[in-house]
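First comes the structure, then the notes that go with it.
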Amino acid sequence: MSTEAPTAGRTPLMRPDWGYATGRDMEEITREDWEMLARQKTAFLAERQANHVLSMFRVAEEQPSFGYEISMYRHGLQAATLMHRAGFDEETVVVGLLHDIAYDASPDTHGAAAAAMFGPYCSDRNLWMLRWHQDFGAYHSVHCPGVDRGARERFRGHPHFEFTARFVAEFDQTTIRADLPTLPLEAFVPMVHRFFATPPRAVELP
Ligand SMILES: [Fe+2]
Ligand SMILES: [Fe+2]
């Protein structure tokens with residue numbers, strides 16, 4: 001471990017009593033330094049992870065729209081607000097808030113991206129919903145040319161089919177209106193922090 005003052009080009013450490021791993025590439029990092037990195041990473045993520053995700057969510061706040069009345073930021077807030085008012089548990093509200101966080105980065109696979117990001121912190125049901133909500137959304141795209149409205153039918157009978165269908169019907173396809181008031185993001189910030197305070201679990205993406 002190196003505790004010397006940061007040299008030019010080094011990213012500052014989050015805490016002054018932390019150290020940099022020695023070694024110019026990963027093959028040179030010592031076992032002692034790997035253990036130090038593990039300790040520092042645990043503390044780093046405990047402090048940074050939720051804020052990082054919230055920063056990603058806020059990116060869409062000021063972005064223009066390509067035609068929907070509202071941004072993905074307000075869409076997430078509307079979904080979370082309605083789900084909170086419907087009495088859903090906190091984890092599910094957070095999943096609703098963040099379900100389209102990857103839309104602008106990977107529109108065609110944004111459900112898989114969200115499932116990969118949040119699956120380790122949520123239930124199998126919510127992971128499955130994140131993964132496949134796009135296919136369920138197609139059912140509601142009644143007049144959209146070329147959309148297979150029956151895409152969800154291959155999942156009919158799956159244990160999480162009904163929940164996912166309800167999420168999309170009540171909280172996703174309905175939350176694209178400029179006249180739908182929401183709670184401020186600040187109302188959900190503590191929930192997001194508690195969401196990431198649970199230890200991640202190993203998951204297989206469906
Ligand atoms: Fe989506
Ligand atoms: Fe959505």
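For TYR20, what residues show an amide H to amide H distance below 5 Å, using hydrogens built from the backbone and excluding near sequence neighbours?
SER2
So what is the relative contact order of the chain, in percent, for Cα pairs below 8 Å that sit 6 or more residues apart?
21 percent
Between HIS193 and ALA169, what is 0.36 nm times their sequence separation minus the Cα-Cα distance? Round to one decimal in nm.
5.9 nm is the gain from fully extending HIS193 to ALA169.
Enumerate the calculated ³J(HN,Hα) couplings along the stretch 113-118 in order (Karplus 6.51 cos²θ - 1.76 cosθ + 1.60, θ = phi - 60°), each rounded to whole Hz, writing x wherever the residue is Gly or Pro.
5, 5, 4, 5, 6, 10
How do 10-19, 52-61, 31-40, 106-115 rank on mean C-beta neighbours within 10 Å, highest first?
Highest mean packing first, the order is 106-115, 52-61, 31-40, 10-19.
Summing Lys, Arg as +1 and Asp, Glu as -1, what charge do residues with Cβ under 13 Å from the Cβ of ARG201 carry, ARG201 excluded?
Within the 13 Å Cβ shell, the charges total -3.
Name the residues whose placed amide hydrogens come within less than 5 Å of the amide hydrogen of ILE176, ignoring near sequence neighbours (fewer than 5 apart) on the same chain.
For ILE176, whose amide H was placed from the backbone, there are no distant partners under 5 Å.
Note down the magnitude of the dipole of the stretch 138-202 about its Cα centre, charges +1 on Lys and Arg C-beta and -1 on Asp and Glu C-beta and zero elsewhere, to the nearest 20 debye.
The dipole magnitude comes to about 260 debye.
Let me spell out the model: positive unit charges on the Cβ of Lys and Arg, negative unit charges on the Cβ of Asp and Glu, origin at the Cα centre of the chain. What dipole size does that give, in debye rounded to 20?
The dipole magnitude comes to about 320 debye.
Compute the FRET efficiency between SER65 and MET26 as 1/(1 + (r/R0)^6), taking r as their Cβ-Cβ distance and R0 = 41 Å, and round to the nearest 0.05.
The formula returns an efficiency of 0.45 here.
Test of the criteria: in the stretch 143-206, which GluC sites (Glu not before Pro) are in a DSSP loop and have at most 16 other Cβ atoms within 10 angstrom of their Cβ?
Here the sparse-neighbourhood loop sites are GLU204.
When a footprinting reagent is the concern and you count Cβ atoms within 10 Å, what order do ILE176, ILE70, ILE101 take, fewest first?
Details: ILE176 15, ILE70 19, ILE101 23.
So the ranking, lowest neighbour count to highest, is ILE176, ILE70, ILE101.
Comparing PHE195, PHE167, PHE88, which has the greatest mean-square fluctuation in the GNM of the chain with Cα pairs linked when under 10 Å apart?
PHE88
The numbers here are math on the coordinates, done by the rules we state, and not lab data. None of the values given here were measured: they were computed from a predicted structure. Here Cβ is always computed from backbone atoms with ideal geometry, including for glycine, and neighbour counts include all displayed protein chains.
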